[in-house]
Amino acid sequence: MSYTIGIAPNIRKSPYFDATVEDGVQAFSVYNHMYIPAHFGDPDAEYRRLVDGVAMWDVAAQRQVEIRGPDAEELVAYLCARDVYRTRVGQGRYVPLCNHDGLLLNDPVLLKLSAQQFWLSIADSDIELWARAIAAERDYDVEVGEADVSPLAIQGPRAEAVVTDLFGDWAGQLGYFAFRETELDGIPLVLARSGWSKQGGFELYLRDAGRGGELWQRVRSAGQAYAIGPGAPNDAERIESGLLSWGADCRLQVDPANPFELGLDAFVDLEVEHDFIGKQALLRIRAIGPARRRVGFVIDGEAVAGNSAPIDIRLRERKVGSLHEIAYSPRLRRNLGLGLIDIEVEDDERGLQSVVDGAPRALEIRALPFIG
Ligand code: THG
């Protein structure tokens, strides 16, 4: 059986779309109502480039919800479960966004561009609508909208060499999640040390959608000396590293979860004086303790193909959790999974089972990250 996803105007193309097609993209996924490359046909090479060399990814689907105006910081603080008042201009921060029940709505990277200008670099849910509605209901003096900004990620141990060649030594000296507004041959962008892998890397936030092809080629040529190649956010590496994928690991409409279940405790600040959405619910959840916890699993048997929906985890016929994403790890040579398990289940439980690729398989719990 074979099928394709159609190209239609209700799903947007990235400014790098044509460049990725020229570079041989083989599959797209949909994220924030946009096409995002899924792979270029050679999973082993794409994984190796990421962990041993350098890869470039079209991650324009990480949209920027821009909040600007006199009350911008107050709105951002009210939306985020993390204390954002301590954020400096030029410093990105990972910020959980919850609803009033304390359930995770999104886990963006927040960029503070000035005292009155912020970007939420969002995962796959409609935060622009949420932010607009909250701003209007609370009468904040702000403008909320989607900025013309399209990130391109350069990830892997040789990413630093590539950006140093492109921008100069200062680029290699950027701290973790720090960013700076700059340009490349007149192409306006923000350069940040960030990205959805634990291999090190940078993100170029292109600020002119008309110049995507040009930027892609510029990075491609600078990276040639380091054997750069195209890729996409990598499931195997992110599972090994334990990174969260909102949408895959939890999703309001599929398996809603709160930040404590997801292990995001370090990014939730309940001691702040100001109010924020979900604060009361999160205080209650913290007092009772979460019902589930996010863990890693090793999965028995032959290399798994991957999954497109959560898979039940059973203990003696009873559902005790779900596997949200699975992948074969080339470095550990094991099948790995990420999921949520009921809090009563012990780390050394030996009776866990899931049906994967049509057959029951034994699962064992592991602490995250698998590779740290
Ligand atoms: N970069 C940018 N925007 C993004 C992502 C990104 N938007 C969507 C999605 N990714 C947001 N989600 C994450 C999830 C995890 C991390 C970053 C963005 C991440 N986490 C570190 C970890 O879990 O080890 C910890 C971060 C920290 O210590 O502050 O990096 O990738 N622009």
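Residues that are within 16 Å of the ligand (Cβ to nearest atom) and out of contact with any Leu (no Cβ under 7 Å at 6 or more places or on another chain) were ranked within the range 264-283; the one that is farthest from Asp101 (Cα to Cα) is Ala266.
Flag: Val84 matches the condition of being within 13 Å of the ligand (Cβ to nearest atom), in a loop (DSSP other than H, G, I, E, B) and either surrounded by fewer than 17 Cβ atoms within 10 Å (Cβ to Cβ) or under 20 Å from the mean Cα position of the chain (by Cα) (or both). Total residues in the range 54-77 satisfying the condition of being out of contact with any Asp or Glu (no Cβ under 7 Å at 6 or more places or on another chain), more than 10 Å from the ligand (Cβ to nearest atom) and not in a strand (DSSP E or B): the figure is 8. Evaluation of Glu160 against the conditions (1) over 23 Å from Glu66 (Cβ atoms); (2) in a helix (DSSP H, G or I); (3) within 16 Å of the ligand (Cβ to nearest atom); (4) open to solvent by 10 Å² or more (accessible area, probe 1.4 Å) shows that the sole unmet condition is (3). If you go through the range 88-115 and keep only what is within 13 Å of Arg180 (Cβ to Cβ) and within 18 Å of the chain's Cα centre (by Cα), you end up with Gln91, Gly92, Leu111.
In the range 57-78, the condition of being touching a helix residue (DSSP H, G or I) at 6+ places or on another chain (Cβ under 7 Å), open to solvent by less than 10 Å² (accessible area, probe 1.4 Å) and closer than 30 Å to Gly229 by Cα is met by at least one residue. If the Cβ limit is 7 Å and pairs must be 6+ apart or interchain, which residue in the range 219-247 that is touching a residue at least 60 places away in the same chain (Cβ under 8 Å) and farther than 16 Å from Gly339 by Cα pairs with which residue that is surrounded by fewer than 23 Cβ atoms within 10 Å (Cβ to Cβ) and among the acidic types (Asp, Glu)? Listed pairs, sorted by first residue: Ala222/Asp165; Pro230/Asp23; Gly231/Glu46; Asn234/Glu46. Does the range 106-116 contain any residue that is within 15 Å of the ligand (Cβ to nearest atom), open to solvent by 10 Å² or more (accessible area, probe 1.4 Å), in a loop (DSSP other than H, G, I, E, B) and touching a Lys or Arg at 6+ places or on another chain (Cβ under 7 Å)? Looking for residues that are within 15 Å of the ligand (Cβ to nearest atom), open to solvent by 10 Å² or more (accessible area, probe 1.4 Å), in a loop (DSSP other than H, G, I, E, B) and touching a Lys or Arg at 6+ places or on another chain (Cβ under 7 Å), one finds none in the range 106-116, hence no. Scan the range 250-257 and give yes if some residue there is out of contact with any Asp or Glu (no Cβ under 6 Å at 6 or more places or on another chain) and within 13 Å of the ligand (Cβ to nearest atom), otherwise no. Scanning the range 250-257 turns up at least one residue that is out of contact with any Asp or Glu (no Cβ under 6 Å at 6 or more places or on another chain) and within 13 Å of the ligand (Cβ to nearest atom).
Could you look through the range 117-142, keep only residues that are over 23 Å from Arg12 (Cα atoms) and in contact (Cβ under 8 Å) with a residue 40 or more places away in the chain, and pick out the one that is most open to solvent (accessible area, probe 1.4 Å)? Going through the qualifying residues, I end up with Arg138. Val65 falls short of the stated requirement of being farther than 25 Å from Ile11 by Cβ, among the β-branched types (Val, Ile, Thr) and in contact (Cβ under 8 Å) with a residue 12 or more places away in the chain. Residues in the range 206-246 that are part of a helix (DSSP H, G or I) and within 14 Å of the ligand (Cβ to nearest atom) were compared, and the one that is most open to solvent (accessible area, probe 1.4 Å) is Asp235. Taking the range 177-193 as the region of interest, how many residues are surrounded by fewer than 14 Cβ atoms within 10 Å (Cβ to Cβ) and on the phi > 0 side of the Ramachandran plot? Total meeting the criteria: 2. The set of residues from the range 30-40 being open to solvent by 50 Å² or more (accessible area, probe 1.4 Å) and without any contact (Cβ under 8 Å) to a residue 40 or more places away in the chain comprises Val30, His33. Assessment of the range 202-222 against the conditions (over 24 Å from Asp148 (Cβ atoms) and within 14 Å of the chain's Cα centre (by Cα)) yields no matching residue. Elements of the type strands (runs of 3 or more DSSP E) sitting completely within the range 253-372 and holding at least 1 residues that are without any contact (Cβ under 8 Å) to a residue 60 or more places away in the chain, open to solvent by less than 10 Å² (accessible area, probe 1.4 Å) and over 22 Å from Val95 (Cβ atoms): these cover 311-315, 318-329, 334-342, 352-356.
The values are calculated or read from the model by the stated rules, or taken from the named source; none is laboratory data. Keep in mind the model is a prediction, meaning the values are calculated, not measured. Don't worry about glycine lacking a Cβ; one is built from the backbone with ideal geometry, like all the others, and counts go over all protein chains shown. Surface areas here come from the heavy atoms of the whole protein model, side chains and all, with no ligands, DNA or RNA. Shrake-Rupley method; radii C 1.70, N 1.55, O 1.52, S 1.80 Å.
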